[in-house]
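The values are calculated or read from the model by the stated rules, or taken from the named source; none is laboratory data. All of these numbers come straight from a predicted model, not from anything done at the bench. For neighbour counting, all protein chains shown are included, and Cβ atoms are generated from backbone atoms with ideal geometry for every residue, glycine included.
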């Protein structure tokens, strides 16, 4: 797994969530992702312009993670029937 300075944990988003830092020629990008057992789930990609992650990005990541976890739980329950 990548560690600082390239990736850092983001427990405020959820368990197994991280922020990947990617430097481009003109910008610095952030990829917020969740490490699931069988997938890497991209929650958001945005251009970083300030030190803090925007609140709207954090909220969107939490919502997307919740939707993924709910869908995964339902799918696994159907497969076990």
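So, in region 47-81, exactly how many residues are in a helix (DSSP H, G or I) and either without any contact (Cβ under 8 Å) to a residue 24 or more places away in the chain or more than 16 Å from residue 19 (Cα to Cα) (or both)?
Going through region 47-81, the residues in a helix (DSSP H, G or I) turn out to be 55-80.
This time we only want the ones that are either without any contact (Cβ under 8 Å) to a residue 24 or more places away in the chain or more than 16 Å from residue 19 (Cα to Cα) (or both), so: 55-56, 59-60, 63-64, 66-80.
Matching residues across region 47-81 total 21.
With respect to residue 67, is the statement that it is out of contact with any strand residue (DSSP E or B) (no Cβ under 8 Å at 6 or more places or on another chain), over 15 Å from residue 12 (Cα atoms) and modelled with pLDDT of 95 or more true? Outline the logic, then answer.
On the way: out of contact with any strand residue (DSSP E or B) (no Cβ under 8 Å at 6 or more places or on another chain): yes; over 15 Å from residue 12 (Cα atoms): yes; modelled with pLDDT of 95 or more: yes.
Here the answer is yes, as residue 67 does meet what is asked.
Name, by its number, the condition in (1) at pLDDT 90 or above; (2) outside any strand (DSSP E or B) that does not hold for residue 4.
Result: residue 4 passes all but (1).
Residues checked against (1) outside any loop (DSSP other than H, G, I, E, B); (2) within 14 Å of residue 58 (Cα to Cα):
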| position | (1), (2) |
| --- | --- |
| 8 | yes, no |
| 11 | no, yes |
| 19 | yes, yes |
| 34 | yes, yes |
| 38 | no, no |
| 41 | yes, no |
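Taking into account only those residues within region 37-46 that are at pLDDT 95 or above and more than 19 Å from residue 23 (Cβ to Cβ), which is surrounded by the most Cβ atoms within 10 Å (Cβ to Cβ)?
It comes out as 43.
Residue under question is residue 44, and the condition is that it be farther than 13 Å from residue 69 by Cβ and in contact (Cβ under 8 Å) with a residue 40 or more places away in the chain; does it hold?
Numbers: farther than 13 Å from residue 69 by Cβ: yes; in contact (Cβ under 8 Å) with a residue 40 or more places away in the chain: no.
Taking the combined requirement at face value, the residue does not satisfy it.
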